[in-house]
Amino acid sequence: MSQIENVKRFAANNLLIEAAIEVVEAETGYEFRDRKTKTDIIDETYYPQFDEEFRNEAANMAANFRIFYCLENSIRQMIQESLEEYFGEGWWEEGVSENIRIEAEKLRERELDMGAIPRSDNLLDCTTFGQLSNIIEQKKEAFEGRFTSFRAVNKLLWQLGMLRGPIAHCKPLAEDEVLRLHLSLRDWFRVLGE
């Protein structure tokens, strides 16, 4: 049997196996194979065109981004929940100083003026870590019992603000900064007393 015939048989066998798997999937409702999404198809089309160095850095940074994304959003959520519990529906006006509200509104306006879809309907999402730290510092009464130490929260939020830069601007974190991110995650749960 020739090499070409072997390849043809191999391909035909694979098609038969694939068809049989589709029948079983249809009958059982269980998917045995991963289905490609539109994003997967786009990635396969364009992603390989980037330098391997960038692809490797992106793969290494993906875990750091996931950690930071969850950490940042959980911090914002906790701050909002604390302010809502203390101030009620007027939490934004009563719990956030005027200068921080103005800066957040300016950022939202800049996004709209650029024709971009605003990042969020919640103006708290338009604040920096420094501003989040100021909110907690200025309205400590709304956060009583939430933290083991307000000073530790302040220090942690400023540190996270510094770590956010490279992550937000698609730069790889140095090895020490990766360690600092992981320690910051632990510190956050420690300062919450969890």
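Figures for the structure shown
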item: Top-ranked residue of the stretch 121-162 - restricted to ones that are closer than 18 Å to residue 77 by Cβ and among the basic types (Lys, Arg), ranked as modelled with the highest pLDDT; result: 139
item: Index of the failed condition, residue 83 passing every other in (1) in a helix (DSSP H, G or I); (2) buried (at least 18 other Cβ atoms within 10 Å of the Cβ); (3) within 22 Å of the chain's Cα centre (by Cα); result: (3)
item: Residues of the stretch 1-59 satisfying the condition of being part of a loop (DSSP other than H, G, I, E, B), exposed (fewer than 10 other Cβ atoms within 10 Å of the Cβ) and modelled with pLDDT under 70; result: 1, 2, 33, 34, 35, 37
item: Cβ pairs under 7 Å, 6+ apart, first in the stretch 95-110 and in contact (Cβ under 8 Å) with a residue 40 or more places away in the chain and closer than 17 Å to residue 139 by Cβ, second surrounded by fewer than 18 Cβ atoms within 10 Å (Cβ to Cβ) and polar (S, T, N, Q); result: 97/138
item: Test: residue in the stretch 108-126 that is of a type outside the set (Val, Ile, Thr), under 20 Å from residue 161 (Cα atoms) and exposed (fewer than 13 other Cβ atoms within 10 Å of the Cβ); result: yes
item: Scan of the stretch 95-107 for residues that are assigned to a helix (DSSP H, G or I) and either under 20 Å from residue 75 (Cβ atoms) or of a type in the set (A, V, I, L, M) (or both), ordered by number; result: 95, 100, 101, 102, 103, 104, 107
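The values are calculated or read from the model by the stated rules, or taken from the named source; none is laboratory data. This one's a predicted model, so the numbers in the text were calculated from it and none came from an experiment. Backbone-built Cβ (ideal geometry, glycine too); neighbour counts: all protein chains shown.
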